[in-house]
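Worksheet: one structure, shown below.
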Amino acid sequence: MAVPTPHSRPRIPGSGLAKGLAVTLRTMTRKTVTAQYPDVQPELPPRSRGVIALFEENCTVCMLCARECPDWCIYIDSHKETVPAAAPGGRERSRNVLDRFAIDFSLCMYCGICIEVCPFDALFWSPEFEYAETDILELTHERDKLREWMWTVPEPPALDPGAEEPKEIAAARKAAEKLEAQRAQEAQQAQQTQQTQQTQQPPQAPQHTHQPGQPDQAQQKAEGEE
């Protein structure tokens, strides 16, 4: 049997019921708001997990998303193609070409592991949620449908003004600045070479044009001396 402490207050019988009824009464007095769906689309949070969209151009068929998926709901097929050498004497290379990329959303548990492990940013969360089907077999969506959902992916949030610049952007900016400085130096050297050639070129003697039927200047001078 619990012994009441000196600071504890005796509970009034029915106090818990009274608190619950008070919450019910407050809710009953509020204005009812009905969501007019599907006529009015709901406002979803920016990071809503609807479906997984595919940006096919970034996919290198590394199979990392399919291997890490705990439900094994990602199906990928590909083949290899030989790429000719970029320069004479170079070596041919082979690359993977994507043939099929499908996700079975009847098995997907929306954990987002495939999106996190993708090293090339080929998978994104889309807030699209209207993809219910009457047949469970139709919940396996191919890459064409996944590509259509890519256009519904919201823009990423802006970075914090005080945050450190991403390494990728910094490296790209440094490479662009280096290339611009190299081009400016080459243009300056070409201009200096052109000026040097113009100063070293000997002056050309004036050319006299002689038209048929008119006496030459030397001939006129000789006739004048006679």
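The values are calculated or read from the model by the stated rules, or taken from the named source; none is laboratory data. Bear in mind that the values here come from a model prediction, so they are computed numbers and not experimental data. Cβ sites come from the backbone with ideal geometry, for glycine too, and all protein chains shown count toward neighbours. Note: accessible area is taken over every heavy atom of the protein model, side chains too, but ligands, DNA and RNA are not part of it. Shrake-Rupley method; radii C 1.70, N 1.55, O 1.52, S 1.80 Å.
General remarks:
- DSSP-assigned coil residues among GluC sites (Glu not before Pro) in the stretch 61-133, each with at most 15 further Cβ atoms within 10 Å: E92, E130, E133
- Segment E155-T24, extension gain: residue separation times 0.36 nm, minus the distance between their alpha carbons: 43.0 nm
- Mean Cβ neighbour count within 10 Å, used as a protection proxy, ranking 41-47, 156-162 highest first: 41-47, 156-162
- For the stretch 74-120, size of Cβ-based charge dipole, Lys and Arg +1, Asp and Glu -1, in debye: 260
- Of the residues T32, N58, T82, the one whose Cα sits farthest toward the positive end of the charge dipole of the stretch 1-121, with +1 on the Cβ of Lys and Arg and -1 on the Cβ of Asp and Glu, is T32.
- Between L44 and Q191, the contour length at 0.36 nm per residue exceeds the Cα-Cα span by 47.0 nm.
- Heavy-atom accessible surface of the stretch 82-157, averaged per residue, reaches 69 Å², computed with a 1.4 Å probe.
- Between the stretch 97-123 and the stretch 19-87, the alpha-carbon center distance in angstrom: 11
- Going by accessible surface with a 1.4 Å probe and the largest first, R143, R49 read R49, R143.
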